[in-house]
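K.L.:
Please read through the structure below; I'll follow up with questions.
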Amino acid sequence: MSNVLQQQHVRMASSMDIMYNLREMFGQQIAIKGLVSTKMVEGTLVRDHMLKMMGYLNELEVLGAMLDVESQVDMVLASLPPSFNDFVMNYHMNKLSMMLTELLNLLQYTEDLQKKNKKLSFLVEANVVL
């Protein structure tokens, strides 16, 4: 630990003060790293992924980082798997703009449609084989 940090921590009364100070110094960096490195795994629920992303964005806001809604949505869209490529392309081509909760609802609807289409294609393939 550097001398500056040691001197600063010696003056603190409790471990709680030390933890608060460390979170204040490095919390933003940790939240940004989590946000940028999070990618949705194919086959997992989009709702779970969105809640995780929204948690990171909320943490950044609490720590004082201000990201506009458009940047937040772009980060979420960039973290989606290839099965959502058509959705992302449609979003950008139509120059859509929405809040994260609206995006969550639209992504869940898209996920439901994808599941129904897979079931339909399986049924069609099963009928062709018979």
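Only the coordinates and a few stated rules stand behind these numbers; no lab work does. Fair warning: this is a prediction, and the values are worked out from it, not measured in the lab.
K.L.:
Here are some pairs, K33/K95; K39/K116; K39/K118; K33/K116; which of them have Cα atoms lying more than 26 Å apart in this structure?
P.N.:
In this structure, K33/K95; K33/K116 lie more than 26 Å apart at Cα.
K.L.:
Next question, about the same structure. Extension gain K52-Q108, at 0.36 nm per residue separation less the Cα-Cα distance, in nm?
P.N.:
Values: separation 56, 0.36 × 56 = 20.16 nm, distance 1.46 nm.
Value of the extension gain: 18.7 nm.
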